[in-house]
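Structure record follows, encoded as structure tokens.
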Amino acid sequence: MSTPAIDTKDDLIYKQFLDALIKGDRNQCSRVSNALLERQASVQDIYEDLIRKAMYDIGELWEQGKISVATEHMASAIAEALINEFYVKVIAGQKINQTVVVGCVENEYHQIGIKMVADIFELNGWNAHFLGANTPTREFVQFVEEIQPDMVALSLSLYFNLPYLEKMLQAIREEFPELFVLVGGQAFRHGGKEVLNAYRNISYQPDLKSVELFIKKINNHG
Ligand code: B12
């Protein structure tokens with residue numbers, strides 16, 4: 001029988017991780033996440049059950065005034081550093097000659113979620129070009145023109161940035177009427193999915209598990 005995957009939802013491990021993140025103890029965060037990985041947790045589980053959960057808790061602590069903006073910035077920097085640590089593992093698999101351009105729309109500075117999404121594409125054989133936060137629409141479209149990807153993926157965390165997403169979708173549709181667009185991010189927790197109905201070849205996915213299922217379907221059926 002194979003060893004069961006380590007429980008990334010283990011409260012004690014999670015608390016150790018969150019405490020270290022708040023204290024700015026990057027070493028300890030790295031130790032906890034790497035220990036989980038060695039004990040057979042997947043990169044996806046660590047991203048979602050450990051790092052995402054901790055960043056959501058950081059958001060609540062900040063909202064309640066229990067931690068400062070500076071601490072929140074420090075935690076974000078550590079979260080991104082941890083994701084970078086996994087890169088060697090993320091790119092280790094075989095490539096399948098499929099390319100995706102991923103990024104945040106204009107005025108959107110939350111880039112940790114879409115960075116994770118980029119890695120899920122890489123883990124499934126794709127080449128992901130990660131453009132990061134606040135990408136100007138014109139620059140994004142120009143980059144797509146140069147790269148000619150098989151798909152683009154856009155992230156939106158703030159509901160009030162919805163007009164920028166629409167601006168981006170319109171610009172993409174004008175230049176690339178058939179290009180497939182994947183959309184996600186926590187802005188859609190508050191509605192806004194109806195905006196997507198106006199476009200063809202578009203899909204919303206809420207989390208990494210559903211992103212991975214979506215990619216696997218494409219990999220299997222083209
Ligand atoms: C870190 C952080 C920041 C950092 C971001 C740094 C960085 N490098 O990314 C900084 C300091 C820039 C920031 C700024 C602000 N922030 Co902020 N921030 C956060 C925080 C604490 C964590 C964000 C995060 O990394 N989450 C973890 C990731 C992994 O989760 P995720 O983004 O949801 O991604 C997952 C899914 O949504 C999905 N997904 C994401 N993108 C995509 C894309 C595709 C294609 C797909 C398929 C899936 C997908 O997959 C991911 C994995 O499951 C959140 C709290 C929270 N609840 O997230 C607040 C939060 C998002 N911020 C908030 C606010 C208000 C702001 C500011 C307006 C604050 C201010 N007054 O200046 C500014 C806005 C800046 C801007 N214009 O974008 C609010 C938003 C409230 C709302 N209802 O809209 C939150 C929720 C905090 C709160 N509790 O109030 N923030």
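Nothing in this text is a laboratory measurement; each read-out follows from the coordinates by a stated rule. Keep in mind the model is a prediction, meaning the values are calculated, not measured. We place every Cβ from the backbone using ideal geometry, glycine too, and count neighbours over all the protein chains shown.
Data table
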quantity	calculated
Overall dimensions of region 1-130 by Cα: Rg and Dmax, Å	15.4, 50
In Hz, Karplus ³J(HN,Hα) per residue of region 103-115 (6.51, -1.76, 1.60; θ = phi - 60°; x = Gly, Pro)	x, 9, 6, 3, 6, 10, 9, 8, 10, 5, x, 6, 5
Dipole magnitude of region 11-90, debye to nearest 20 (Cβ charges: Lys/Arg +1, Asp/Glu -1, about Cα centre)	220
Dipole moment magnitude, nearest 20 debye, the chain about Cα centre, only Lys, Arg, Asp, Glu C-beta charged	300
Structure-based [θ]222 nm, the chain - -39500 (n - 2.57) summed over DSSP H runs of at least 4, per residue, nearest 500	-15500 deg cm²/dmol
Computed magnitude of the charge dipole of region 69-140 (debye, nearest 20; Cβ of K, R +1, Cβ of D, E -1)	260
For region 96-149: span of alpha carbons on each principal axis (Å, largest first)	32, 25, 8
Leading residue at positive end of dipole, the chain (Cβ point charges), from L131, I58, Y199	I58
Debye intensity ratio in log₁₀ form over the Cα atoms of region 163-203, taken at each q of 0.28 Å⁻¹	-1.10
Cα gyration tensor shape for region 118-169, rounded if a/c is under 1.5, else prolate or oblate	oblate
Translational D in µm²/s for region 99-221 (Stokes-Einstein at 20 °C, 1.002 mPa s, Kirkwood Rh from C-alpha pairs)	152
Built amide H within the under 5 Å cut-off of A153, gap 5+	V101, V102, G103, L182
Environment charge of N127, counting only residues whose C-beta is closer than 11 Å and scoring Lys/Arg +1, Asp/Glu -1	-1
Under the Debye formula (equal points on every Cα, no solvent term), log10 I(q)/I(0) of the chain at q = 0.18 Å⁻¹	-1.36
